[in-house]
Amino acid sequence: MYEFLVLLFITLIAGGLVWAYFRYLGEKGERLHLINQGICPSCKQETIEVVDQKGGGCSGTAFVEFKCRSCDYHDSFNIGGGSCGSGGCKV
Ligand SMILES: [Zn+2]
């Protein structure tokens with residue numbers, strides 16, 4: 001009986017972590033979708049601009065930093081995933 005409770009506990013913890021991870025990915029994806037349209041996820045104004053961009057190509061992920069001109073919102077994304085096979089490479 002004790003082993004069953006431990007197993008249940010571990011399953012709950014693992015499930016919670018996976019849920020939190022996918023929830024985080026979903027939120028990040030939603031923000032990236034808005035930013036790609038030039039819209040700030042924070043103040044909903046079309047004032048998003050790229051302030052920094054590193055990497056890219058087929059060698060690795062492109063690290064892009066965005067900033068909003070009307071509020072203090074800023075965020076960074078790793079775009080591309082560094083894989084040419086997935087069609088993420090646009091060079
Ligand atoms: Zn903003």
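The values are calculated or read from the model by the stated rules, or taken from the named source; none is laboratory data. As the structure is a prediction and not an experimental result, all values here were calculated from the model. Neighbour counts are summed over all protein chains in view; Cβ atoms, including those assigned to glycine, are modelled from backbone coordinates with ideal geometry. For the accessible areas, the whole protein counts, side chains as well, though only heavy atoms, and no ligand, DNA or RNA atoms are used. Shrake-Rupley method; radii C 1.70, N 1.55, O 1.52, S 1.80 Å.
Look at the range 15-42 and say how many of its residues are over 23 Å from residue 79 (Cα atoms) and either open to solvent by 50 Å² or more (accessible area, probe 1.4 Å) or within 16 Å of the ligand (Cβ to nearest atom) (or both). Show your work before the answer.
Applying the first criterion (over 23 Å from residue 79 (Cα atoms)) to the range 15-42 yields 15-17.
If we keep only those that are either open to solvent by 50 Å² or more (accessible area, probe 1.4 Å) or within 16 Å of the ligand (Cβ to nearest atom) (or both) too, we end up with 17.
Residues meeting the conditions: 1.
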request  = Considering only the range 28-77, state which residues are among the hydrophobic types (A, V, I, L, M, F, W, C) and within 13 Å of the chain's Cα centre (by Cα).
outcome  = 32, 34, 35, 62, 63, 64, 66, 77
Flag for residue 2 being hydroxyl-bearing (Ser, Thr, Tyr) and surrounded by 10 or more Cβ atoms within 10 Å (Cβ to Cβ) = no
The range 43-70 - residue that is within 16 Å of the ligand (Cβ to nearest atom) and among the hydrophobic types (A, V, I, L, M, F, W, C) and, of those, surrounded by the most Cβ atoms within 10 Å (Cβ to Cβ) = 48
